[in-house]
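Have a look at the structure below, then the notes.
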Amino acid sequence: MNEYLKRNLSILICFMVFVFLACAGFSFAEEAGEAAHHVNVAKEIYKWINFLILAGALFFVLKKIVPEFFSARVENIKRTLEESRRAEKEANEKLKIAEEKIKSLNKEIEIIRANAKAAIEKEKKRILEEANEKIARIEEQNEQNIRQAIELSVKELKEEIIKQATVLAEDMIKGRITPEERKKLFNNYVKQLGEINE
């Protein structure tokens, strides 16, 4: 409560205590008067005038304080309710924003997953293509090595056959080989040449 309300409330409380004490005094005086069985009109009028003065003063003080107190209290309650409504509205707006962020985060997560899956598939395809290219190069290299090895073997075999043919020719020249041995050597030579060409 503000300072004005506190001051008015304390005045009201003091005044009510004063009225209570005054009424208790009237009651005590009345009991004492009854005991004496003596009714004094002047005292009775004095009591009523005193009561009217106190009631009037109480009415005058309360006329200013009570409406102000209750209007201030009503304003305070209205302000509190308005602040509560505003806080509730802000909380609901923040909740909606948070829910939208969660929805957008879920969408972003799905997009990231889809992108990651696509990237994995792309990388997998690239790796397979590279592996297939390497396998093709290795196979080509192996075929080339085999061809070179065959060519080298054929060359060495031809050279060996030429050496043997040269030796055979020298032997024929020298007359060491009989005609049957020559025929046999010739057939072997032709057979070896046929195997090389195949």
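The values are calculated or read from the model by the stated rules, or taken from the named source; none is laboratory data. Predicted, not measured: the structure shown is a model, and the values here were computed from it. Using ideal geometry, Cβ is built from the backbone for each residue, glycine included, and neighbour counts are taken over all protein chains shown. Just the protein is used for accessible areas: all its heavy atoms, side chains included, with ligands, DNA and RNA removed. Shrake-Rupley method; radii C 1.70, N 1.55, O 1.52, S 1.80 Å.
In segment 169-198, the residues that are open to solvent by less than 70 Å² (accessible area, probe 1.4 Å) and of a type outside the set (Ser, Thr, Tyr) reach residues that are at pLDDT below 75 and not in a helix (DSSP H, G or I) with C-beta atoms within less than 6 angstrom, at least six apart or across chains, in these pairs: 171/177.
Have a look at 82, 123, 133, 129 and point out the one that is part of a helix (DSSP H, G or I), without any contact (Cβ under 8 Å) to a residue 12 or more places away in the chain, farther than 29 Å from residue 15 by Cα and within 32 Å of the chain's Cα centre (by Cα).
Values: 82 fails: within 32 Å of the chain's Cα centre (by Cα); 133 fails: within 32 Å of the chain's Cα centre (by Cα); 129 fails: within 32 Å of the chain's Cα centre (by Cα).
Being part of a helix (DSSP H, G or I), without any contact (Cβ under 8 Å) to a residue 12 or more places away in the chain, farther than 29 Å from residue 15 by Cα and within 32 Å of the chain's Cα centre (by Cα) holds for just one of 82, 123, 133, 129, which is 123.
Answer with yes or no whether residue 106 is under 30 Å from residue 16 (Cα atoms) and free of Cβ contacts under 8 Å to residues at least 40 places away in the same chain.
Values: under 30 Å from residue 16 (Cα atoms): no; free of Cβ contacts under 8 Å to residues at least 40 places away in the same chain: yes.
For residue 106, the condition - under 30 Å from residue 16 (Cα atoms) and free of Cβ contacts under 8 Å to residues at least 40 places away in the same chain - is not met.
Residue 142 - would you say it is open to solvent by less than 90 Å² (accessible area, probe 1.4 Å), in a helix (DSSP H, G or I) and either free of Cβ contacts under 8 Å to residues at least 40 places away in the same chain or closer than 27 Å to residue 16 by Cβ (or both)? The answer is yes for residue 142.
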